[in-house]
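Asker: The structure follows.
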Amino acid sequence: MTSGAGSQEDARPALLQDAAGRAVRYLDQLRARSVPPADDAVAALSRLEFELPTGGLDPAAVVALLDEVGGPATVSSAGPRYFGFVTGGALPVAQAASWLSTAWDQNAGLSVMSPTAAVLTSQALRWVAGLLGLPAGTNGAFVTGATMANATCLAAARDAVLAGHGWDAAGQGLAGGPPVTVVTGSEVHATVRKALGIVGLGRDRAVELPADDQGRIVARDLPALTGPAIVCLQAGNVNSGASDAFHPLIGWAREQGAWIHVDGAFGLWAAAAPDLAGQVAGVQAADSWATDAHKWLNTTYDCGIALVRDPATLTAAMQASAAYLPGDVATEPMHLGPQSSQRARGIEVWAVLAALGSDGVADLVQRTCALARRFAAGISAAGYPVLNDVVLNQVVIDFGDAQRTDAVIDAVQRDGTCWCGPTTWHGRRAMRVSVSNWSTTQADVDASVAAVLRCAKSPLDA
């Protein structure tokens, strides 16, 4: 049972040391663990579903229960053989910075609340913009993930294009204002559609441009646009990894007077890797960009990044006013994003970038892409079609008809060597592999390919 503040303070060092020891042991076991949890471990989670205690449990017992019951039922998504959902692991420096920042418990919404968080957030955003080659003066906000990064950028876009046509959307809302035309590709990511709904522009109202066999917008026969308009482009198709042709598309959008937004949750990081930057050439000419740090940069969850060329447009959409709020509206984090109170996500990003440097980021991106190509080569050599050009870290594999492909995916997930998920692309059911983890090695890829081929051949061919 819990007791007074003094007693809890006395117990804190031992409690935190115990938790840290348990965490380190968990991480040490990742490479040897089955990637999905065992059925009995998942069933044991019922032990955590009890009535709220009247007097509370001993904190040490609570931590032990989390570790001993919760830990075995986790998915080893932090480990080297998890290839689902473009999920990165967490670099050791990210984990260490996260533990430290949790102890600091800073609210990063205002610089007066945490000078340290304010400086690290600002510097981390400058470093990210510089790595991605974005224009000087670009600023933004750390948010939960790509959905909110897209929503943040699209809210700024919405207000800016409407202001350009004499309408104050921030003050008056959308009702009565001129309609905003939104243009996307036919393979726009679900998070962009969700974000369009959140900001009131409609999930289903966008003009969809045709895409080629790799998911890139076809840059010809582009429509004329009138009135307020937003064009949404893509860096890194969620299946193929391919990026839109930014030079011609942005040139066309500029001629139409449109705001150009780029959804680059993972693909935008190609700009930080010299061997891959050509795939996103011209992306820097857009007006806003959405990306994630918890994918390819391998920070802990959650950490999305919204970036805007003209920060004044972001402030116009996001600022809050109250007599008790101090500071410069143009620079305070709470006025550059949707959240007022917010976790100091920039601390981890600063720590990762400081530890890796630009060369380390480039190596991380290029190395995982090379591992994706190795995965694809192993599968192709066994006679199974790879459906995409493996230009980044995504591999899409066909095992035959939908029923057979789903059976292979299920067998791989039950096998436990690795975890790969399903997708449907161009009407074909397939397995999607995303190599995004800093700790993945050639040996991990080879073991995973062997497991996939084993599952594909037996007992399914029997």
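Derivation of every value follows stated rules applied to the coordinates shown; laboratory data play no part. Quick caveat: nothing in here was measured; it's all calculated off a predicted structure. Virtual Cβ from ideal backbone geometry, glycine too; neighbours counted across all protein chains shown.
Asker: Students often get this wrong: which residues of the stretch 1-45 have the backbone nitrogen under 14 Å from the point 7 angstrom along Cα-to-C-beta of Ala61?
Answerer: Under 14 Å, as judged by backbone N against the label point of Ala61, lie 1-3 of the stretch 1-45.
Asker: Rounded, prolate or oblate, given the Cα gyration tensor of the stretch 5-73, with a/c below 1.5 counting as rounded?
Answerer: It is oblate, given that a/c is not under 1.5 and a/b is not larger than b/c.
Asker: Using Cα pairs closer than 8 Å and at least 6 residues apart in sequence, work out the relative contact order for the chain, in percent.
Answerer: 21
Asker: If you don't mind, another one. Please order Asp212, Asp105, Asp292 by the number of other Cβ within 10 Å, starting at the fewest.
Answerer: Asp105, Asp212, Asp292
Asker: Give me the net charge for the shell around Leu48: Cβ to Cβ below 14 angstrom, other residues only, Lys and Arg +1, Asp and Glu -1.
Answerer: On the way: positive: Arg47; negative: Glu49, Glu51, Asp67, Glu68.
Net charge in that neighbourhood comes out at -3.
Asker: Right, here's the next one. Return the sequence-ordered ³J(HN,Hα) values of the stretch 365-376 in whole Hz as given by the Karplus equation 6.51 cos²θ - 1.76 cosθ + 1.60 applied to θ = phi - 60°, using x for Gly and Pro.
Answerer: Ordered by residue, 3J(HN,Hα) equals 5, 5, 5, 5, 5, 4, 5, 5, 5, 5, 4, 4 Hz.
Asker: Would you grab the residues whose amide H sits under 5 Å from the one on Val143? Only those 5+ places off in sequence or on another chain, please, with H modelled 1.01 Å from N.
Answerer: Distant-sequence amide H within range of Val143: Gly304, Ile305, Ala306.
Asker: Turning to a different aspect of this structure: Assuming R0 = 41 Å, what is the FRET efficiency of Thr226 and Asp446, from their Cβ-Cβ distance, to the nearest 0.05?
Answerer: 0.15
Asker: Still on this model: In terms of the Cα gyration tensor, with a ≥ b ≥ c the square roots of its eigenvalues, is the chain rounded because a/c is under 1.5, prolate because a/b exceeds b/c, or oblate?
Answerer: oblate
Asker: Something else about it: Per residue of the stretch 141-149, in order, report the coupling 6.51 cos²θ - 1.76 cosθ + 1.60 (Karplus, θ = phi - 60°) as ³J(HN,Hα) in whole Hz, putting x for Gly and Pro.
Answerer: Ordered by residue, 3J(HN,Hα) equals 8, 8, 10, 6, x, 5, 4, 6, 5 Hz.
Asker: In nanometres, what is the gap between the two model label sites at Asp168 and Arg126, each 7 Å from Cα along Cα-to-Cβ?
Answerer: 3.4
Asker: With only Lys, Arg, Asp and Glu charged, each at its Cβ (+1 for the first two, -1 for the last two), find how big the charge dipole of the chain is about the Cα centre; round to the nearest 20 debye.
Answerer: The dipole magnitude comes to about 560 debye.
Asker: Can you give the calculated 222 nm mean residue ellipticity of the chain, where each DSSP H run of n ≥ 4 adds -39,500 (n - 2.57) and the sum is split over every residue, rounded to the nearest 500 deg cm²/dmol?
Answerer: After summing the helix terms and dividing by the residues of the chain, the value is -12500 deg cm²/dmol.
Asker: From the square roots a ≥ b ≥ c of the eigenvalues of the alpha-carbon gyration tensor of the stretch 96-352, which class results: rounded (a/c under 1.5), prolate (a/b over b/c), or oblate?
Answerer: oblate
Asker: To the nearest 0.05, what FRET efficiency results for Ser7 and Asn107 with a Förster distance of 22 Å applied to their C-beta separation?
Answerer: In this case the efficiency is close to 0.25.
Asker: Farthest toward the dipole's positive end in the chain, which of Ala90, Gln403, Ala43, given Cβ charges of +1 (Lys, Arg) and -1 (Asp, Glu) about the Cα centre?
Answerer: Towards the positive end, the residue furthest out is Gln403.
Asker: Can I ask one more? For a paramagnetic label modelled at 7 Å from the Cα of Arg205 toward its Cβ, which residues of the stretch 138-162 fall within the zone defined by backbone nitrogen distances under 14 Å?
Answerer: 155, 158-159, 161-162
Asker: Could you calculate the contour length gain from Lys457 to Ala402, that is, 0.36 nm times the residue separation minus the distance between their Cα atoms, to one decimal place in nm?
Answerer: Using 0.36 nm per residue and subtracting the Cα-Cα distance, I get 18.2 nm.
Asker: Just rank Phe50, Phe246, fewest to most, by other beta-carbon atoms within 10 angstrom. Spell out each step's value before the answer.
Answerer: Numbers: Phe50 9, Phe246 24.
Lowest to highest Cβ neighbour count: Phe50, Phe246.
Asker: Could you list which residues have their amide H under 5 Å from that of Gly421, counting only those 5 or more apart in sequence or on another chain, with H placed in the peptide plane?
Answerer: Residues meeting the amide H criterion: Phe85, Arg432.
Asker: Hey, fewest Cβ within 10 Å first, where do Leu325, Leu57, Leu162 land in order?
Answerer: In increasing order of surrounding Cβ atoms, one gets Leu57, Leu325, Leu162.
Asker: Full extension from Ala323 to Phe85: what is 0.36 nm times the residue separation minus their Cα-Cα distance, to one decimal in nm?
Answerer: Using 0.36 nm per residue and subtracting the Cα-Cα distance, I get 81.3 nm.
Asker: Let me ask something additional. Given His261, Leu110, Gly166, which one lies farthest toward the positive end of the charge dipole of the chain, if we put +1 on the Cβ of every Lys and Arg and -1 on the Cβ of every Asp and Glu?
Answerer: With unit charges placed on the Cβ atoms, the residue in question is His261.
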